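> What follows is a single structure, and I will ask about it in a moment.
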Amino acid sequence: MAVPTFVDRVTLHVSAGRGGNGVASVHREKFKPLGGPDGGNGGPGGSVILRVDPQVTTLVEYHHSPKRRAEHGGHGAGGHRNGGHGSDLVLPVPDGTVVSLKDGTVLADMVGAGTEMVVAEGGRGGLGNAALASAKRKAPGFALLGEPGDELEIVLELKVVADIGLVGFPSAGKSSLIAAMSRARPKIADYPFTTLVPNLGVVTAGDTTFTVADVPGLIEGASEGRGLGHDFLRHIERCAAIVHVIDTATIEPGRNPVDDLDVIENELSRYGGLEDRPRLVALNKVDVPDGQDLADITVDDLRARGLRVIPVSAASGAGLRELTFAMAEIVQAARAATPVAEATRIVLRPGSADGGEDFTVTQTHDPSTGSGQRGWRVRGTKPERWVRQTDFSNDEAVGFLADRLNRLGVEDRLLKLGAEEGDTVLIGHPDNSVVFDFQPGMEAGAEMLGRRGEDQRFDESRPAARRRRAIDEAMDERVEGETRADVARRLDRPAGPTSYEIGTAEDPDWLEDDPGE
């Protein structure tokens, strides 16, 4: 199996680094066991960046290694130590690379040395409990998780950036012309389709230096996939001018320069987008006697169409100077009309799922909501990011998420749309949703005191919580001089009269000693 050396189209799977997790930590030292939260933040994950490198001319590297991943961010640590940043992954691509999704959506057209595109952005690092502390929540018992980085499949398609494109039938002499005008040394042989990949040559005419691309031979039906034209017609899209190289010494029956020109023009027209390019016609191989005669016969017919026609010979060099200077005139005019493209940095940010709002709520009939049970789907950049950051094994973290969603107005929107207690609420994309049972009216305040890592709202049945509430209620009815401890002891005593007369029916000792009972 042949190993490709030129690849102009690849599918690449890129994954940005995940952000590091924050940490919940409390500062401790001798004689100061609870010195306050000191958990550091997680570091952001590395991004995947495409960068135009003039030294790269093919995508063959990504053909062999189609999966690329950036470095993850480091986790936070105690002592206010933040996690390290994940290193960005920079992927060099050739000048003229078009980046698109698999469905054909074009993301960027990368032209110009140094142009960058952040195609997959690294995930944010999670906040540690030191960053989450506030005046009301002085010692959070939780931290936020790092976010996953972007992950997607992209298609890289190379369109050679050349000033002049040479087109024509196989064996018309395109590679020979490039070899004669520049230092390029493409493969040259006397059989069709010798050129299998585009060849680039640098040509100098006076003070103008430009590049010439030799496109593999076109035949009738090339725009529909015949021959190699379907794969390489894209490489002349960026050319300032098209030069038709016509073989005037072909031995194939039924061919002549005018018909050859019509066939190639028909294929270019069917491919589309090249109608505005200036044309030159190079009648090649006039060093052959029959070739010179055929050129003399057809040159007037071609010029009558408004084309500039130049008889040339790659073998003898005849007409090459006139052809190169004609190319240079077109290139100069095109450059004067086009502003110089500066290197740009493009950041790809996926469109918001909510169309610009903070969030949206829609009723869903997703099977995951359970048969016969109504469900509601919440989509939005903030809610989905908060869910990804939440450690659901920590009740206090879940309570913090509930507070954030309530402050955003999610609960009010659900109630307005008719949601009832017990309905299923799904947050996120249908392929990866987090499911909750709707409990309206939950009191906000993740700063409520309780055991570290717990939120009383999610454990209302704890005896300690019930006892504290009972004491708080009894404090309003305490007698003068009674302390909270006295109230607690009074509530702990068994129910019964607090005073009684000895020997009466209320005297428990009398009831036990009465022989008549």
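We did not get these values from a lab; they are worked out from the coordinates using the rules stated. It should be emphasised that the depicted structure is a prediction, and the values quoted were computed from it without experimental measurement. Glycine also receives a Cβ, built like all others from the backbone with ideal geometry; neighbour counts cover every protein chain displayed.
> Give the separation of the Cα centroids, the stretch 243-280 to the stretch 371-424, in Å.
Using only Cα atoms to place each centre, the spacing works out to 64 Å.
> Below 10 angstrom from the Cβ of Glu237, what's the summed charge of the other residues (Lys, Arg +1; Asp, Glu -1)?
+4
> Next up: What area, in nm² and to one decimal, does the C-alpha convex hull of the stretch 1-127 cast on average over all directions?
Reported value for the Cα convex hull: 10.7 nm².
> In addition: Using mean Cβ contacts within 10 Å as the protection proxy, how do 327-337, 253-263 order, highest first? Provide the component values of the computation, followed by the final result.
Numbers: 327-337: 16.7, 253-263: 14.9.
The most tightly packed comes first, giving 327-337, 253-263.
> Under 22 Å Cα-Cα from Lys32, which lysines qualify once same-chain neighbours fewer than 8 residues away are excluded?
The qualifying lysines are Lys136, Lys138.
> Give the calculated FRET efficiency between Thr105 and Ser65 to the nearest 0.05, with a Förster radius of 22 Å applied to their Cβ-Cβ distance.
Working: r = 24 Å, r/R0 = 1.10.
Here the calculated transfer efficiency is 0.35.
> Using modelled backbone amide H atoms (1.01 Å from N, in-plane), which distant-in-sequence or interchain residues come within less than 5 Å of Val90's amide H?
Excluding prolines and chain starts, which carry no amide H, the hits are Ile49.
> Using Cα pairs under 8 angstrom and six or more residues apart, how large is the relative contact order of the stretch 6-89, in percent?
That works out to 41 percent.
> Same structure again: With the dipole of the stretch 21-123 worked out from charges on the C-beta (+1 for Lys and Arg, -1 for Asp and Glu) around the Cα centre, which of Val56, His80, Ala70 lies farthest toward the positive end?
Of the listed residues, the answer is His80.
> Moving on. For the peptides 234-241, 474-481, 106-113, what is the packing order when you average, over each peptide's residues, the other Cβ atoms within 10 Å and list the highest mean first? List each step's numbers first, then the result.
On the way: 234-241: 21.2, 474-481: 9.4, 106-113: 16.0.
Top of the packing list down: 234-241, 106-113, 474-481.
> Looking only at the stretch 16-164, where both bridge partners belong to it, what percent of the DSSP beta bridges are antiparallel (to the nearest 5)?
So the antiparallel bridges in the stretch 16-164 amount to around 75 percent.
> By how many nm would the segment from Phe392 to Lys136 lengthen if fully extended, with 0.36 nm per residue of separation less the alpha-carbon distance? Mind showing how you got there, number by number?
Details: separation 256, 0.36 × 256 = 92.16 nm, distance 2.22 nm.
Additional length available on full extension: 89.9 nm.
> Lys and Arg at +1, Asp and Glu at -1: add these up for the other residues within a Cβ distance under 13 Å of Asp293 and post the number. Walk me through the intermediate numbers first.
On the way: positive: Lys285; negative: Asp287, Asp290, Asp296.
Here the count lands on -2.
> If you don't mind, another one. Taking the mean number of other Cβ atoms within 10 Å as a proxy for protection, how do you rank 399-405, 99-105, 56-62 from highest to lowest? Don't jump to the answer; show the numbers that get you there.
Values: 399-405: 21.7, 99-105: 11.4, 56-62: 17.0.
In decreasing order of mean packing, 399-405, 99-105, 56-62 become 399-405, 56-62, 99-105.
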